[in-house]
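A.B. asks: Provided herewith is a single structure, encoded as structure tokens, for subsequent inquiry.
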Amino acid sequence: MKIGIFDSGLGGLIIAKAIRQHTTQPDMIYFGDTLHIPYGNRSAEAIYAYSCRAMDYFFKVHDCALVVVACNTVSACALRRLQQEYLVENFPERRILGVIVPTLECAIEHGYKNIGLIGTNRTILSNIFEEEIQKINPDITMQQINTPLLVPLIENEGMPWIDDVLEHYLAPLLEKDIECLILGCTHYAFLKERIAKILDKKIVILSQDEIIPGKLEDYLSRHSEIADKVSMNGTINFYVSDITPGYISASEKIYGDKINIQKSVLCAKENKYL
Ligand code: DGL
């Protein structure tokens, strides 16, 4: 069986690549819901509905044992329901993991006490990073900024404008004395170097492509009931729900390599979009 990697679009490709380069090399299915991106400005209801259809695709069509929700917006707004309702009702033997708690664990392991966070509107509005960190250590403070223009710029060849937008977004954080900045959106790993140029050198950037592969490996080492089902040949197949020439070029820039992206069709007979 395979591991599914789910994102609202193409940003999760960075996470998929990082997992592939890690020592454990599971067979993977990548699915980006490019038909509905950006999720970050949608309602929690819509995000849950899209996510359920994506899970059907991973579990019913590709028979995945486990899905990693690389998308922070989905992890923030829909993960709990996916685990407690969708999985329980449909696939109680399978697992869905998110990226928020592993990212916070990493910040805590490093001992940071004042943490910066950037993310989509929906992720920041959910306040889930702060809620989760408060459960673990109420002394840790979090400075959050929503940065909604970054994803549309990355997915639509808007890089010439991105430095100005980043400077505008990050300016308030520079006055908050943060020790690290969590890039709380799959796509932002693509901006790591640009963000580092704007931030003070002492602020450490926590990027999920450097965190999630190790956390996934750790999870698999502790859950042999799932790990034993996953085949380890290092293959990966890429699917999106809508495909355009712009998406193909953006995906190759983000992934850093030529890749074969196919359109996913949940029900080929009726040619329904997923
Ligand atoms: N992939 C999403 C995340 O990590 C952001 C993109 C979107 O708005 O759909 O939050």
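The values are calculated or read from the model by the stated rules, or taken from the named source; none is laboratory data. This is a predicted model, so every value here is computed, not measured. Counting neighbours? That spans all protein chains shown, and the Cβs are built from the backbone with ideal geometry, glycine included. Just the protein is used for accessible areas: all its heavy atoms, side chains included, with ligands, DNA and RNA removed. Shrake-Rupley method; radii C 1.70, N 1.55, O 1.52, S 1.80 Å.
A.B. asks: Express as a percent, rounded to the nearest 5, the fraction of DSSP beta bridges in the chain (both residues included) that run antiparallel.
C.D. replies: If I count the DSSP bridges inside the chain, around 5 percent turn out antiparallel.
A.B. asks: With the crude spin-label approximation of a point 7 Å out along Cα→Cβ, what separation in nm comes out for Ile108 versus Asp257?
C.D. replies: Distance between the two pseudo-spin positions: 3.4 nm.
A.B. asks: Next question. Let me spell out the model: positive unit charges on the Cβ of Lys and Arg, negative unit charges on the Cβ of Asp and Glu, origin at the Cα centre of the range 164-274. What dipole size does that give, in debye rounded to 20?
C.D. replies: 340 debye
A.B. asks: Compute the angle between helix 245-255 and the longest alpha-carbon principal axis of the chain, please, reported from 0 to 90 degrees and rounded to the nearest 10.
C.D. replies: 70 degrees
A.B. asks: Between Glu93 and Glu157, what is the label-to-label distance in nm when each label sits 7 Å out along the Cα-to-Cβ direction?
C.D. replies: A separation of 4.7 nm, rounded to one decimal place.
A.B. asks: Where does helix 100-109 land angle-wise versus the long Cα axis of the chain, in degrees 0 to 90, nearest 10?
C.D. replies: It works out to around 40 degrees.
A.B. asks: Same structure again: Could you state the accessible area per residue of the range 130-231 in Å², with a 1.4 Å probe and every protein chain left in place?
C.D. replies: For the range 130-231, the per-residue accessible area is 51 Å².
A.B. asks: Any idea how far apart Asp228 and Gln83 come out in nm if each label point goes 7 Å out from Cα toward Cβ?
C.D. replies: Distance between label points: 2.3 nm.
A.B. asks: Using every alpha carbon pair in the chain, what percent of pairs falls into each 5 Å bin from 0 up to the bin containing the largest distance?
C.D. replies: That works out to 1, 6, 13, 18, 20, 18, 13, 7, 3, 1, 0, 0, in percent per bin.
A.B. asks: Related question: For the pair Glu132 and Lys202, what calculated FRET efficiency results from E = 1/(1 + (r/R0)^6), where r is the Cβ-Cβ distance and R0 = 30 Å, to the nearest 0.05?
C.D. replies: Taking R0 as 30 Å, the efficiency between Lys202 and Glu132 is 0.75.
A.B. asks: Further, regarding this structure: If I fit a long axis through the Cα atoms of helix 162-174 and take the longest principal axis of the Cα atoms of the chain, what angle between them do I get, 0 to 90°, rounded to 10?
C.D. replies: The answer is roughly 60 degrees.
A.B. asks: Quick check: the distance between the Cα centres of the range 118-178 and the range 186-265, to the nearest angstrom?
C.D. replies: After rounding, the separation between the Cα centres reads 19 Å.
A.B. asks: Quick one: pull the percent of accessible area on the chain belonging to carbon and sulfur, 1.4 Å probe, ligands and nucleic acids left out.
C.D. replies: Carbon and sulfur together cover 50 percent of it.
A.B. asks: Peptides 9-22, 95-108, 220-233: what's the order by average Cβ count within 10 Å, highest mean first?
C.D. replies: Final packing ranking: 9-22, 95-108, 220-233.
A.B. asks: For Glu217 and Ala171 in the same chain, what is the full-extension length gain: residue separation times 0.36 nm, less their Cα-Cα distance, in nm?
C.D. replies: 13.0 nm
A.B. asks: For the chain, what is the charge dipole size about the Cα centre, in debye to the nearest 20, if Lys and Arg each add +1 at the Cβ and Asp and Glu each add -1 at the Cβ?
C.D. replies: Roughly 480 debye, rounded to the nearest 20.
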